[in-house]
Amino acid sequence: MIAYRAYDRERAVAYARRYAFSRNPLFYDFVGIGGDCTNFVSQSVLAGSCVMNTTPDFGWYYRSVNDRAPAWTGVDAFWRFMTEDPVFVAEGATTGPFGREVEQRGLEVGDVVQLGNSEGRFYHTLLVSGFDGEMPLLAAHTIDVLDRPLDDYSYTTARFLHLVAVRVPVDIPDCYPALIEGRALPMA
């Protein structure tokens with residue numbers, strides 16, 4: 001049975017603050033082989049949701065460097081999973097966090113920003129770690145940053161993801177203590 005619960009923004013940001021300049025030993029570091037940005041944001045979102053979706057190909061999960069969903073580390077696949085692309089829903093993506101595209105002013109801490117180039121290709125995923133007035137402050141990997149203002153980045157386009165809630169199995173245990181301490185991934 002599936003239930004809905006709130007996405008824990010504070011846990012997502014606490015995780016990002018802890019690992020912005022280091023690495024959780026539970027996850028592979030993709031710097032040098034495509035970048036670690038979406039992997040880091042996925043970890044942070046996991047800390048705020050405590051549930052993965054293990055649907056092969058269409059889910060959002062990480063078991064190891066060789067056993068992970070495209071949405072865990074891929075910029076566009078992450079976006080499609082989180083925004084409930086009808087293909088993912090049709091293929092059984094029924095657990096995990098989800099959100100919707102918003103204007104920049106609709107962001108909250110724990111939400112996600114993706115940056116794109118002039119060809120419309122999105123290439124970087126960042127977590128909103130706070131605000132300076134109305135300016136989002138961001139945490140990211142590849143080039144490790146914490147509380148870097150969005151307007152410090154050079155990009156052509158951006159899209160903004162507001163995480164709405166999390167679909168969870170009714171009996172799911174709390175994963176946060178073991179995850180943030182780098183002891184264990186949530187059981188799939």
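The values are calculated or read from the model by the stated rules, or taken from the named source; none is laboratory data. Since the model is a prediction, treat every value here as computed from it, not as a measurement. Please note: Cβ atoms are built from the backbone with ideal geometry, for glycine as well, and neighbour counts cover all protein chains shown. With ligands, DNA and RNA removed, areas are computed over all heavy atoms of the protein, side chains included. Shrake-Rupley method; radii C 1.70, N 1.55, O 1.52, S 1.80 Å.
Remarks
- At a probe radius of 1.4 angstrom, the accessible area of the chain per residue rounds to 46 square angstrom.
- Overall form of the range 1-153 per C-alpha gyration tensor (a/c, 1.5; a/b vs b/c): rounded
- Taking all protein chains together and rolling a 1.4 Å probe, residue 180 ends up with roughly 20 Å² accessible.
- Only Lys, Arg (+1) and Asp, Glu (-1) charged, at Cβ; the chain dipole about Cα centre in debye: 340 debye
- If you plug the beta carbon distance of residue 159 and residue 108 into 1/(1 + (r/R0)^6) with R0 = 22 Å, you get a FRET efficiency near 0.90.
- Amide H contacts for residue 111 (H built 1.01 Å from N in the peptide plane; partners 5 or more residues away or on another chain; cut-off under 5 Å): 128.
- Model label points for residue 100 and residue 174, set 7 angstrom from Cα along the Cα-to-Cβ axis, are 3.0 nm apart.
- Dividing the summed -39500 (n - 2.57) terms of all DSSP H runs of n ≥ 4 by the residue count of the chain sets its mean residue ellipticity at 222 nm at -6500 deg cm²/dmol.
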